[in-house]
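> First the structure, which I've put down as structure tokens, then a few questions once you've had a look.
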Amino acid sequence: MSCYTSATELFSIGIGPSSSHTVGPMRAALEFVHDLSTRELMAATEAITVQLYGSLGATGIGHGTPSAILAGLAGYEPETVDPAVPGLLATTVADDGVLALLGGHRVAMTPASIILTPRVVLPRHTNGMTITATAADGSQLHRETYYSIGGGFVETESAMAAAAGEDVTPSAPAAALPHPYQFSVELMQICAAEQLSISDVAWANECAVRPAAEVEAKLDAIWAAMHASIEAGLDAGGILPGILHARRRAGAIAARLALDSAERETSHEWMQAFAIAVNEENAAGGRVVTAPTNGAAGIIPAVLEYFLRFIPHDAAQEPSIIRRYLLVAAAIGSLYKGNASISGAEAGCQGEVGSACSMAAGAVCEILGGTPEQVENAAEIAMEHNLGLTCDPVAGLVQLPCIERNAIAAGKAVASARMALYGDGKHLVSLDTVIETMRQTGRDMSSKYKETSEGGLAVNVIEC
């Protein structure tokens, strides 16, 4: 058994502002219309209705969930859709009451077709949504319930039932990995027995699924998109969407730092600016990479950009450094996804920012020369000091406190790596222990603090 999730899946290119509330629902809607087509039900479909439950119902409006669903039904994919398309579709549907499924078959759909039911939480996950296709006589043609489980990953009701042992329908076997592991202790044992780094383990697992050249190309594309989101955020100005009217600050910070850098050491302030830039792009609905979620998208890119710009290294080795960094981050992120959660709606922000901080800490520790034991220690330190972090977005927008939280977590990741590098990798609290603690903390956390905007800053900040 292995929890390993491919870096090419854990880091997916999409649009903001939320991987669980924007990217996931878009993928679910796209999967639904493809099912209609496969089942030859498209031509008979007269109308589509969507029910959003729990956290999706509570903060879906602020996260752009309805417009993302329309884009998915229209046939758009998060990886390639123009960020302006979902908003344009929402306007068209509101005006015309019609949506073209997969860009072709036209069905009746209005804003009222997407129903918000925040007080109803489905048993398998708080991010639940049910899509129904009906015929002209009102009869139901096809119905499916989806769960957006974090990071843009989507599972159907039947798939989750199978995972819970409630469905004995056999599934296709997964590719055999050369280094399967479920827990960090097993990963450490593999590294010790085979004399491998964590990035070596991840690389071998990736190459068991697809050719090495394809893995390299995908990792390079992921970093290119991450770097582009930093540059776009630093270049942009103005006001972020939504009722908070929050102003974009990354560009102004960078301009100030360009002057201050001649007077003093500013590398950590630059790292914070990189994180803010990415998360402002996310808040504006721009293109970002889930790392492992959109709400935490700035941390992993900011720490790597900091390393590349400010830490002496062999420039000729940069492609290898970048790939190793992403591979280590994925290896650690897989532990969180497999044994706890990367969903803010399920675990609070410790599941998003905490996981990303831990992933970045371990990843930068390895490229700074850390041993596997030091990498594991860095990842543990970072999460240990994010335990209990709540998800309380003001006005349901991925802006306050999310943007600044990424900047602070980037600094915490580097501090954790540096601390681990001054040790020998031996420590009292294991990464497995802190992951299990995070899982338990998320389970015990009140729903008010799990992406519902019903507690914390969300109810104490005036939305105007």
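> When region 365-390 is examined, which residues are found to be within 19 Å of the chain's Cα centre (by Cα) and assigned to a helix (DSSP H, G or I)?
Answer for region 365-390, where residues must be within 19 Å of the chain's Cα centre (by Cα) and assigned to a helix (DSSP H, G or I): 379, 382, 383.
> So, in region 99-115, exactly how many residues are of a type outside the set (S, T, N, Q) and within 15 Å of residue 134 (Cβ to Cβ)? Give the derivation first.
To start, the set of residues in region 99-115 that are of a type outside the set (S, T, N, Q) comprises 99-109, 111-112, 114-115.
Filter once more, so that each one left must be within 15 Å of residue 134 (Cβ to Cβ): 99, 101, 105-109, 112, 114-115.
Number of matching residues: 10.
> Anything in region 92-129 that is assigned to a strand (DSSP E or B) and of a type in the set (Lys, Arg)? List them, or say none.
106, the sole residue that qualifies.
> How many residues does region 4-26 contain that are buried (at least 24 other Cβ atoms within 10 Å of the Cβ) and either β-branched (Val, Ile, Thr) or in a helix (DSSP H, G or I) (or both)?
Within region 4-26, the first condition is being buried (at least 24 other Cβ atoms within 10 Å of the Cβ), and the residues that meet it are 4, 7, 10-11, 14-26.
Now restrict to residues that are either β-branched (Val, Ile, Thr) or in a helix (DSSP H, G or I) (or both): 7, 10, 15, 19-26.
Total satisfying the criteria: 11.
> Would you check which residues across region 225-255 are part of a loop (DSSP other than H, G, I, E, B) and not β-branched (Val, Ile, Thr) and list them?
236, 237, 238, 240, 241, 242, 244, 245, 246, 248, 249 - these are the residues of region 225-255 that are part of a loop (DSSP other than H, G, I, E, B) and not β-branched (Val, Ile, Thr).
> Among 1, 42, which is the only one that is assigned to a loop (DSSP other than H, G, I, E, B) and modelled with pLDDT under 95? Full working, then the answer.
Details: 42 fails: modelled with pLDDT under 95.
Of the residues listed, the single one that is assigned to a loop (DSSP other than H, G, I, E, B) and modelled with pLDDT under 95 is 1.
> Kindly indicate the residue of region 123-141 that is surrounded by fewer than 19 Cβ atoms within 10 Å (Cβ to Cβ) and in contact with a helix residue (DSSP H, G or I) (Cβ under 8 Å, 6 or more places away or on another chain) and also nearest to residue 351 (Cα to Cα) among those meeting that condition.
Here the answer is 124.
> Looking at region 277-294, can you tell me whether even one residue there is in contact with a Cys (Cβ under 8 Å, 6 or more places away or on another chain), hydrophobic (A, V, I, L, M, F, W, C) and under 21 Å from residue 400 (Cβ atoms)?
Looking only at region 277-294, we keep the residues that are in contact with a Cys (Cβ under 8 Å, 6 or more places away or on another chain), and these are 279, 283.
Checking the rest, the ones that are also hydrophobic (A, V, I, L, M, F, W, C) come to 283.
Then drop every residue that is not under 21 Å from residue 400 (Cβ atoms), which leaves 283.
The answer is yes, given that some residue of region 277-294 is in contact with a Cys (Cβ under 8 Å, 6 or more places away or on another chain), hydrophobic (A, V, I, L, M, F, W, C) and under 21 Å from residue 400 (Cβ atoms).
> Same structure, new question: Given the criterion within 25 Å of residue 282 (Cα to Cα), of a type in the set (Gly, Ala, Ser) and either assigned to a helix (DSSP H, G or I) or more than 17 Å from the chain's Cα centre (by Cα) (or both), identify the matching residue among 296, 331. Give the steps one after another, and end with the answer.
Working: 296 fails: either assigned to a helix (DSSP H, G or I) or more than 17 Å from the chain's Cα centre (by Cα) (or both).
Step by step, each of 296, 331 is checked, and only 331 is within 25 Å of residue 282 (Cα to Cα), of a type in the set (Gly, Ala, Ser) and either assigned to a helix (DSSP H, G or I) or more than 17 Å from the chain's Cα centre (by Cα) (or both).
Results for (1) in contact (Cβ under 8 Å) with a residue 12 or more places away in the chain; (2) among the hydrophobic types (A, V, I, L, M, F, W, C); (3) surrounded by fewer than 17 Cβ atoms within 10 Å (Cβ to Cβ); (4) over 16 Å from residue 143 (Cβ atoms), shown as yes or no for each residue.
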{"site": "39", "(1), (2), (3), (4)": "yes, no, yes, no"}
{"site": "61", "(1), (2), (3), (4)": "yes, yes, no, yes"}
{"site": "76", "(1), (2), (3), (4)": "yes, no, no, yes"}
{"site": "89", "(1), (2), (3), (4)": "yes, yes, no, yes"}
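> Name every residue in region 237-295 that is among the aliphatic types (A, V, I, L, M), touching a Lys or Arg at 6+ places or on another chain (Cβ under 8 Å) and either in the same structural domain as residue 148 (by TED's automatic domain parsing) or under 26 Å from residue 149 (Cα atoms) (or both), in order of residue number.
Within region 237-295, the subset among the aliphatic types (A, V, I, L, M) is 239-240, 243-244, 246, 250, 252-255, 257-259, 262, 271, 273, 275-278, 283-284, 288-289, 291.
Of the ones still in play, those that are also touching a Lys or Arg at 6+ places or on another chain (Cβ under 8 Å) are 239-240, 276, 284.
Listed by number, the residues that qualify are 276, 284.
The values are calculated or read from the model by the stated rules, or taken from the named source; none is laboratory data. These numbers come from a predicted model, not from an experiment. Reconstructed Cβ throughout: ideal geometry from the backbone, glycine too, with neighbour counts over all protein chains shown.
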